[in-house]
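Beneath this line is the structure, given in structure tokens, with notes to follow.
The values are calculated or read from the model by the stated rules, or taken from the named source; none is laboratory data. Not measured: the values here are computed from a predicted model. FYI the Cβ positions are ideal-geometry reconstructions off the backbone, even for glycines, and counts take in every protein chain you see.
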Amino acid sequence: MGATNNSNSTSRQSRYNGWSWPPHPFQPIAWGCLIYLSIFYFSTIEPGLLQPGRIAGYAVMGLLLVIHFVVHILACTVNPADPNVIRKMEGKKRQEMPTFDRTKHKHVIENQHCYLCDVNVADKSKHCSACNKCVSNFDHHCKWLNNCVGDRNYRLFIATLVTAIAGAIIIVSLCLMQFVAYFTDRNSGSLLQQYRDALALPTSSTGNVTVMSTPPPVSITTAANYSGKTSPVPTAQKPVFRVLWVVVSDRLWLAMVMLTALLALTGMGLLGHLLGFHVYLMYRGISTYEYVVQLREKAEKEAREKQMEGGKIELANSKSSKVCSNGRNKTHGIFILSCAYHVHMCTL
């Protein structure tokens, strides 16, 4: 999560945004996958589309990538710190943060004052131990962005997820379509541009392929035309497959298409799960940090209940030799009621 009210932060400077050094290892991984999928789409997947699908493929995916790059960069660039922290950062030269002294204060933030940032902060601002600063309306620290997510960049974070998922869906769908077409479209050329080029089939103005009733001859022959001259008859050629604009074997092309689909599918699943989680949080009206705190409090409550129950059971067992079987059952029932009552009182 990153937020803490009991920070062990060492003496160091606070991070300004997601571009502050050092980067988290997840950040270059995320950008590497994004750049690879973008290049693979336009160099390998898109050329296999027929018209007018190719134009739509360029336009839709191109627009989606532009939007994603913009919101992704902005989500990393925005400083999500508390307004008072930002004013302090901009008002004077940045200095190393002090080390939190537990002998003086129990928590980093007390009475809405951060003793590390040395400013008053808003009620929902939390001090992030990873960024070493108070973040306004703190939600969580995102390792993929290398930046905290708060009220200043939360919408950008959601937009980053949505556009990434949409792009992954397109890539997975087209990869699977071309994988199937590789085995089923060999003699018709109605799905893959590579097969259409190999069969030398004409394309109508609407982009539909004119399919011949019989496949063209495989060997080169000549035929007499009306002028008495001879000309070659169109022949089927070996389809040319490219990966990253480089001509490769059809098996390598097929393998790369499926590996890319698997990569995009993995990203789509992870990002989809994360987006669904945040939709759930929006429905409940809480942040990720508040959700984690609730889980922690629930776990602590259950641990206390088990501890109390274990103590009562040991006490009941120590007296079991002095009572009959019915008496033991009665004692156990009283213990359960007593335990529930004390747990209820402890959680008020």
* Asked: Do the conditions hold for residue 67, that is, is it surrounded by 15 or more Cβ atoms within 10 Å (Cβ to Cβ) and within 20 Å of the chain's Cα centre (by Cα)?
  -> yes
* Looking only at segment 148-174, and only at residues there that are touching a His at 6+ places or on another chain (Cβ under 8 Å) and among the polar types (S, T, N, Q), the one that is farthest from residue 265 (Cα to Cα) -> 160
* To do: Could you please give the count of residues in segment 14-70 that are in contact with a Pro (Cβ under 9 Å, 6 or more places away or on another chain) and of a type in the set (Lys, Arg)?
  => 1
* May I ask you to list the residues in segment 11-66 that are in contact with a strand residue (DSSP E or B) (Cβ under 8 Å, 6 or more places away or on another chain) and either closer than 19 Å to residue 132 by Cβ or of a type in the set (A, V, I, L, M) (or both)? => 14, 15, 17, 18, 50
* Quick one: which of 149, 172, 135 is closer than 29 Å to residue 62 by Cα, in contact with a Cys (Cβ under 9 Å, 6 or more places away or on another chain) and not aromatic (Phe, Trp, Tyr)? -> 149
* Structure fact -> residue 294: passes all of (1) exposed (fewer than 14 other Cβ atoms within 10 Å of the Cβ); (2) modelled with pLDDT under 60 but (2)
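Here's the yes/no breakdown for (1) in contact (Cβ under 8 Å) with a residue 24 or more places away in the chain; (2) over 25 Å from residue 163 (Cβ atoms); (3) not assigned by TED's automatic domain parsing to the domain that holds residue 48:
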site	(1), (2), (3)
248	no, yes, yes
263	yes, no, no
268	yes, no, no
277	no, no, no
304	yes, yes, yes
* Structure fact -> Within segment 126-152, of all residues that are within 16 Å of the chain's Cα centre (by Cα) and in a loop (DSSP other than H, G, I, E, B), the one surrounded by the fewest Cβ atoms within 10 Å (Cβ to Cβ) is 143
* **helices (runs of 4 or more DSSP H) completely within segment 7-117 that count 1 or more residues being modelled with pLDDT under 95** => 53-77, 83-91
* Asked: Has segment 162-180 got at least one residue that is of a type in the set (S, T, N, Q), at pLDDT below 95 and within 27 Å of residue 263 (Cβ to Cβ)?
  -> no
